[in-house]
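For reference, the structure is listed below as structure tokens.
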Amino acid sequence: MAELGRAALVICLGLSVYAAAAGAYAAYRGRRRLSLSARNALIASFVAAVVAVLVLVAAFLRNDFGFTYVAEHSSRRLPALYTFSALWGGQEGSLLFWLLILTGFAAAAVLLNRRSAPDLVAWVVPVLGGVAIFFSFMLVAVSSPFDTQPAPVDGAGLNPSLQNLHMLIHPVLLYLGYVGLTIPFAFGMGSLLAKRGDERWIVATRRWTLAAWGFLGIGQLIGAHWAYVEVGWGGYYAWDPVENAAFMPWLVSTAFLHSVMVQEKKGMLRIWNMLLVAGGFVLALFGTFLTRSGILSSIHSFTESPLGGWFLGFIAIVIAFSLALIFLRLPLLRTKTKLDSLASREASFLYNNLLLVAFSLTILWGVLYPILSEAVTGQRNHVSGPYYNFFLHVFGLPLLLLMGIGPLLAWRKTSLRTLARTWAWPAAVSLVVGAILLALGAGSSIPGLIAYTFSAFVIVSIVVEFVRGTRARKAVAGESWPTAFSSLVARNRRRYGGYVIHAAIVLLAIGIAGSSAYDTTREAKLRPGQSMEIRGYTLTYRRLVQRESENAREVRALVDVRRGTSSEGTLSAGKNNYPVERQVSNEVAIRSNLVTGEDVYLIAQQVETDGTVFFKAEVLPLVNLIWLAGFIFIGGTLIALWPDARESRRLADRYGYAAARA
Amino acid sequence: MTLALVLGAALALACVLFVARPFLLDPEAKNDELDEPTAQERRRLELLERRDRALAALKEVEFDHRSGKISDEDYRGLVGALRRQAAEALRALEPTERSRMRNLEPPTQPDIPEPYPPPGELDPPTHPDIPEPYPPPGETEPPAPPQIPEPYPGTEPQV
């Protein structure tokens, strides 16, 4: 069936070429039927991609090791559940998955907007077709998942660290985020190609951008949790280039989500928003390039990788195309509106944009520096955690404070007297919190103390916003407090969904500050019966146990945990030996206290044949707030995404002419 | 191998038919022009965006004033300018709306939403949707805050 997979990819490439070429010609010459035909080609390319993916999934499920990709990423002992991880666990499969999501999103986006913005969609189709050409061409000519070989008896298996439930979700969410950023890019560029100076493209892609941003955010958080429970080095984020690859487009998209509101409210920042939407997409491509080119291991492996040069070329084309188009359309994008005051909501969005983009660029420099240094000097100079942590403090802490200040500012301008009044409660509470924490010894980490103080400011400002809003709503409509609260949120979902997301980011900041600035680490080599102490906990190593699982040999050290006189249960830390993959993985043990948010984290770093174990134990205060933040983040994103009938009516009124004629 | 080729050919054929569908359904199209907005429609859209922006800003200012984020003084200064902007946009829309209504064919008329009040009601000073600003300080006792603007018939304020 490999032939069917190959044929489906060739068809997908052909359809993408047609969508781009015929779509561009039709949009340029104003040909209706040809434009519809190009749109159909883009939709059909999704069907072809689905067929290609189904062929590969069937090969995995049948353990058809005649497919080289299946033989390299699966084995007969691999649990069926992880077959799906194997689908995107390698280079070719992940590219195919990219293409599937891209064509699926493209088909959905053009179908959803075909009536309300037909002239815009006519130009969006060739842009999306152009992106689909690149990925389908790579799969057809450079890196095919349908290469065949004489079938071996068994496959090489899947990397053990990917044999985890997180890996069923994390890559999918990241891809949904990366690829989702293609849609706002295509509509933005389509709008410029169509010479439209209106904001139809923003309206069409508002939810796409928010959803892509939400997927990227949650995908990263699940990735961090995976690193925490599976990789077993004692942390959740290491400023690894692959992690940074997802973080950079998320930061730029965060900037875009804020600055686009300034464009909607005041018609400002049109050029900046185009640059951000193009920047987000380019960084998403760059992230895929980083993970797929081999450049992270060495600049030399990059030149050996078949993908690297192609990706770099495509990124260069996208940058040149976007900048040239934005430059050509500058007269269309320029506005006469100016900032009314430096103390206004839009000014706070501008500050947050500058900080977010600056933070993203410093991370980009940290990622590129080792590569550039190796290219120039032949020696790779690594950029480590302290570099990134420095800029996290420099940009992250002011950003945290801005999350509290922004909502308290009015659009256009806020007088100093009003500022003093609206800031009174947040400032007073945060100063009291800071003083109490300082008295309790939190001054051992100044960035940690500042983060907590700022977090208190933001939380109080969010509460104040909800209370004042509900009170205003109650006064206008004469509703009860609960009804006024729910109508307040329902009537402005983006604003209040945004505040919920801010609350999630604050929890994240508290969790990160607590677990990284105030953590405790102890290491000890123990024989059965011996104990170690860490921050009030006594860890007693009892014995070693071994067992066989479906695809691994497992060794576990059982460790009793006591705090004072009370037992806190038994931890089971150890290692898994995967015979097929010939790899060993760390299996950490975590004791979570869901009331205090604290974790006791135990790694069996080395297990000797005589039963002696070298343990590394950590106590991480408030770390569970990071995971709790994920749920609140999802809740806030859903509130902001939820359709609003009033908004739909308003937009139908504004863009009604197109719907009426379609 | 054969089955794969047959399935591949079937997929290709289905895709070709789907791509050719607009030409197959309408082989001799009388009108093959892409539905692009005219200069007048673009102008109208620009004015609608300006109108919506001004009305949304009025609501926002009203809400911020009620929730204590804007002082009475700032409110008075802002609301007047925003009312003028909204009124200008509404006034500018008037001729394009009249011309648009004239150009519409009768059968398509029922499908098009009629969100605007009759032209006579668009006169800014009497428009019910635009809140009246407070009178200058000292002139009279401050009245009760104005009603939140209601820019679209049938919709409720966002506060």
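The values are calculated or read from the model by the stated rules, or taken from the named source; none is laboratory data. What you see is a predicted model; the values in this text were computed from it and never measured. We place every Cβ from the backbone using ideal geometry, glycine too, and count neighbours over all the protein chains shown.
Here are some notes:
- Looking only at residues of region A:28-39 that are facing another protein chain (nearest Cβ under 7 Å) and in a helix (DSSP H, G or I), we find that the one that is surrounded by the most Cβ atoms within 10 Å (Cβ to Cβ) is A:SER35.
- Residue that is farthest from the chain's Cα centre (by Cα), among those in region B:19-49 that are more than 7 Å from chain A (Cβ to nearest Cβ) and among the basic types (Lys, Arg): B:LYS30
- The requirement of being part of a helix (DSSP H, G or I), of a type in the set (Val, Ile, Thr) and either over 30 Å from A:PRO621 (Cα atoms) or more than 11 Å from chain B (Cβ to nearest Cβ) (or both) is not satisfied by A:VAL464.
- Tally of residues being without any contact (Cβ under 8 Å) to a residue 12 or more places away in the chain, surrounded by fewer than 18 Cβ atoms within 10 Å (Cβ to Cβ) and in a helix (DSSP H, G or I) across region A:40-67: 1
- Just one residue in the set A:THR362, A:THR418, A:THR414, A:THR337 is in contact with a Phe, Trp or Tyr (Cβ under 6 Å, 6 or more places away or on another chain) and not small (Gly, Ala, Ser); that residue is A:THR362.
- Selected residue (only one of A:ALA442, A:ALA424 is surrounded by fewer than 13 Cβ atoms within 10 Å (Cβ to Cβ) and out of contact with any Lys or Arg (no Cβ under 8 Å at 6 or more places or on another chain)): A:ALA424
- Unmet criterion (only one of (1) touching a Ser or Thr at 6+ places or on another chain (Cβ under 8 Å); (2) within 29 Å of A:SER191 (Cβ to Cβ); (3) aliphatic (A, V, I, L, M)) for B:ILE70: (2)
- Here A:LEU95 fulfils each of the conditions (1) assigned to a helix (DSSP H, G or I); (2) more than 14 Å from every other protein chain (Cβ to nearest Cβ); (3) out of contact with any Ser or Thr (no Cβ under 8 Å at 6 or more places or on another chain) apart from (3).
- Selection from region A:618-642 of residues that are among the hydrophobic types (A, V, I, L, M, F, W, C) and out of contact with any helix residue (DSSP H, G or I) (no Cβ under 7 Å at 6 or more places or on another chain): A:VAL619, A:PHE631, A:LEU638
- Each residue in region B:13-42 was checked for being surrounded by 15 or more Cβ atoms within 10 Å (Cβ to Cβ) and more than 20 Å from A:LEU34 (Cβ to Cβ), and 2 pass.
- Selection within region A:204-221 - crowded, with 22+ Cβ neighbours inside 10 Å and among the β-branched types (Val, Ile, Thr): A:THR205, A:THR209
- Evaluation of A:ARG206 against the conditions (1) touching a helix residue (DSSP H, G or I) at 6+ places or on another chain (Cβ under 7 Å); (2) closer than 28 Å to B:GLU46 by Cα shows that the sole unmet condition is (1).
- Selected residue (criterion: farthest from A:PRO528 (Cα to Cα)) from residues of region A:588-632 that are part of a strand (DSSP E or B) and of a type in the set (Asp, Glu): A:GLU598
- Among the residues of region A:617-641, those that are within 15 Å of the chain's Cα centre (by Cα) and surrounded by fewer than 19 Cβ atoms within 10 Å (Cβ to Cβ) comprise A:PHE631, A:ILE634.
- Annotation note: of A:ALA106, A:ALA24, the sole residue that is surrounded by fewer than 24 Cβ atoms within 10 Å (Cβ to Cβ) and at pLDDT 90 or above is A:ALA24.
- Filtered residues of region A:467-493 (kept if part of a helix (DSSP H, G or I) and more than 11 Å from chain B (Cβ to nearest Cβ)): A:TRP481, A:PRO482, A:THR483, A:PHE485, A:SER486, A:VAL489
- Pick from region A:433-461, criterion assigned to a loop (DSSP other than H, G, I, E, B) and on the phi < 0 side of the Ramachandran plot, ranking: nearest to the chain's Cα centre (by Cα): A:SER445
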